[in-house]
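Data first, discussion second: the structure below is written as structure tokens.
Each value in this text was obtained by applying a stated rule to the coordinates, not by laboratory testing. This structure is a prediction, so every number in the text was calculated from the model and none was measured. Ideal geometry is used to build each Cβ from the backbone, glycine not excepted, and the neighbour counts take in all protein chains shown.
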Amino acid sequence: MKLHQDSPYALNRIRGYGPAEIRVNDTFYHQSLIVAPQALELHDLPHALAQFGAQHLARLLAHGPEIILLGTGPRLAFPPRELLLDAQARGVGIEVMDTGAACRTFNVLLAEDRAVVALLLLGEA
């Protein structure tokens, strides 16, 4: 059996965040984003939770997660109940928290080798 060391950049790690930016690996993003261990999406995402809909949930589910983190911006707010129930019916949990907490939680779950995907919103809830 051949062993080799994984590159520290093989997975997307959140290295920092602030009110107007999120740093994934060595790149700063100034917009909402979907981040998964080996994928990053930037286009056609909601700026604020009020714009979050079924099409965004479908994009998150397409990553095959066991858990979805929904970072709602600087303050905690909840999406429509129907969206939470839809994910639950598919066997996927959604954890809703402010974006800073979602960034920290993403890294913890990533370190535990969990199938996680996060939608990190930078706008107001």
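In region 14-120, a dipole from Cβ-located charges (positive for Lys and Arg, negative for Asp and Glu) runs towards its positive end, and of LEU119, ALA36, ALA77 it is ALA77 whose Cα lies farthest in that direction.
Full extension of the segment from GLN31 to ARG90, taken as 0.36 nm per residue of separation minus the current Cα-Cα distance, would add 18.4 nm. Magnitude of the charge dipole for region 14-120, about its Cα centre and with charges confined to Cβ atoms of Lys, Arg (+1) and Asp, Glu (-1), is about 140 debye.
Here is the list for region 71-106: trypsin sites (Lys or Arg not before Pro) lying in DSSP coil, each with at most 14 other C-beta atoms within 10 angstrom of its C-beta, are ARG75, ARG90. Here percent of Cα pairs over 21 Å apart was computed from the coordinates, and among [x] 44; [y] 34; [z] 39 the match is [y].
Say a paramagnetic label sat at a point 7 Å from the Cα of ALA54, along Cα to Cβ; which residues of region 79-108 have their backbone N under 14 Å from it? Those under the cut-off are 80-87. With viscosity set to 1.567 mPa s at 4 °C, what whole-number translational diffusion coefficient in µm²/s follows for region 53-125 from Stokes-Einstein and a Kirkwood radius over Cα pairs? Once the numbers are plugged in, D ends up at 107 µm²/s.
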